[in-house]
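The structure appears below as structure tokens.
The values are calculated or read from the model by the stated rules, or taken from the named source; none is laboratory data. Only a predicted model underlies this, so the values are computations on that prediction, with no experimental measurement involved. Heads up, the Cβs are rebuilt from the backbone with ideal geometry, glycines too, and the neighbour counts pull from every protein chain shown.
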Amino acid sequence: MKLKYMIAAFALACFGTGCDDKLETFEVQGYTGTPAPIETSAITSEALPGQIKLKWTKPSEDAYAYLKIWYTDPLLDETVYKISSLETDSMLIDDTRARFGEYEFFFQTFNANNEGSEVTSFKAVSGKAPIVITEKARTEVKLDASQLYTDAPELTEGPIENLVNGNTNDFFHGNWHNPDPLPHYIQVNFNEEHQVFAVEWWNRASGGSGEGFPTVVELQISNDGSEWETVTTLSGFASTWGSHIVSDYVDAGKPFTHLRYYVTAVTNNAGYFHMAEFKFYDVELEVYDPETVELD
């Protein structure tokens, strides 16, 4: 579709008043002949998440001095103007929505005297804007020693109940007298279902050789205590005396009633691990979907 000429004063007004704070800044110079329009057939688009990428083929190397593109943004309820130099053949339009259907873009080229070509229009759609998920709150789930189990306890020290007694100066210790190769784990058997969660733990405060601090941990879930699924792997955290580690939230994707803190690597390749205190949290998330949120 082609419309009649736009007056050059309109383009000049954009330069003087800053129609859009994202306008490219450049000196208008060069081509002074009749500007060639960007044909509709020369324009393509790509729907990206929350964006529209416009691309066009220039009529010739010296067909105009600059290009103006404008469109109505339904989110802002206003017209947005963009300016592009001759050297540019694409533009990324940010903060768009699939929910609004087709956006109509208008293209007009200008020469160095700000004389405009015919206006060409082109319609394009946006990909869905990404959903934004943020953590809203954490609620500690109080654990009792009767809910805990480990596959390799040390019988002479560090009973598992020390993990939930609120004292970071004592500790749980895996079997170091007759250690089997890793992995080893702590299992939590819940009385209710959980899905979005986080864990927190404190390393042993002092004592010993420095072996056996967890360095890689899988968090595994189950609903029957037999079939297990790893939902995330934790690594890169501090693995020294007294370290305090707080995980990011994990969305298991489904409810579960059993959790394993499954240690696959430790400092100095010991066949056991130890820990001072362990906590589990339910996490409340806030979900913002730009494609469905109510508009003002």
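Below, the figures for the structure above:
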read-out	value
Matching entry among 139, 88, 120, 96 (being out of contact with any helix residue (DSSP H, G or I) (no Cβ under 6 Å at 6 or more places or on another chain), not in a loop (DSSP other than H, G, I, E, B) and not hydrophobic (A, V, I, L, M, F, W, C))	139
Filter result for residue 81 (in contact with a Cys (Cβ under 6 Å, 6 or more places away or on another chain), at pLDDT 95 or above and surrounded by 17 or more Cβ atoms within 10 Å (Cβ to Cβ))	yes
Selected residue (criterion: surrounded by the most Cβ atoms within 10 Å (Cβ to Cβ)) from residues of the stretch 45-78 that are hydroxyl-bearing (Ser, Thr, Tyr) and in a strand (DSSP E or B)	66
Some residue of the stretch 210-220 being within 18 Å of residue 143 (Cα to Cα), over 26 Å from the mean Cα position of the chain (by Cα) and in the same structural domain as residue 154 (by TED's automatic domain parsing)	no
Number of the condition not met by residue 82 [criteria: (1) without any contact (Cβ under 8 Å) to a residue 60 or more places away in the chain; (2) assigned to a strand (DSSP E or B)]	(1)
Listing of strands (runs of 3 or more DSSP E) fully contained in the stretch 206-296 that carry 1 or more residues being touching a helix residue (DSSP H, G or I) at 6+ places or on another chain (Cβ under 7 Å) and touching a residue at least 40 places away in the same chain (Cβ under 8 Å)	214-222, 277-288
Qualifying residue in the stretch 131-138 (condition: more than 29 Å from the chain's Cα centre (by Cα), modelled with pLDDT of 95 or more and among the charged types (D, E, K, R))	no
Count of the stretch 99-117 residues which are hydrophobic (A, V, I, L, M, F, W, C), in a strand (DSSP E or B) and within 30 Å of residue 291 (Cα to Cα)	3
Answer from 238, 205 - the residue that is surrounded by fewer than 16 Cβ atoms within 10 Å (Cβ to Cβ), in contact with a Gly (Cβ under 7 Å, 6 or more places away or on another chain), assigned by TED's automatic domain parsing to the domain that holds residue 160 and aliphatic (A, V, I, L, M)	205
Positions within the stretch 150-182 being within 35 Å of the chain's Cα centre (by Cα), closer than 22 Å to residue 244 by Cα and not β-branched (Val, Ile, Thr), in sequence order	163, 166
Qualifying residue in the stretch 105-122 (condition: within 36 Å of the chain's Cα centre (by Cα) and of a type in the set (D, E, K, R))	no
Criterion violated by residue 123 - all others in (1) surrounded by fewer than 17 Cβ atoms within 10 Å (Cβ to Cβ); (2) in contact with a Gly (Cβ under 8 Å, 6 or more places away or on another chain); (3) within 21 Å of residue 83 (Cα to Cα) satisfied	(2)
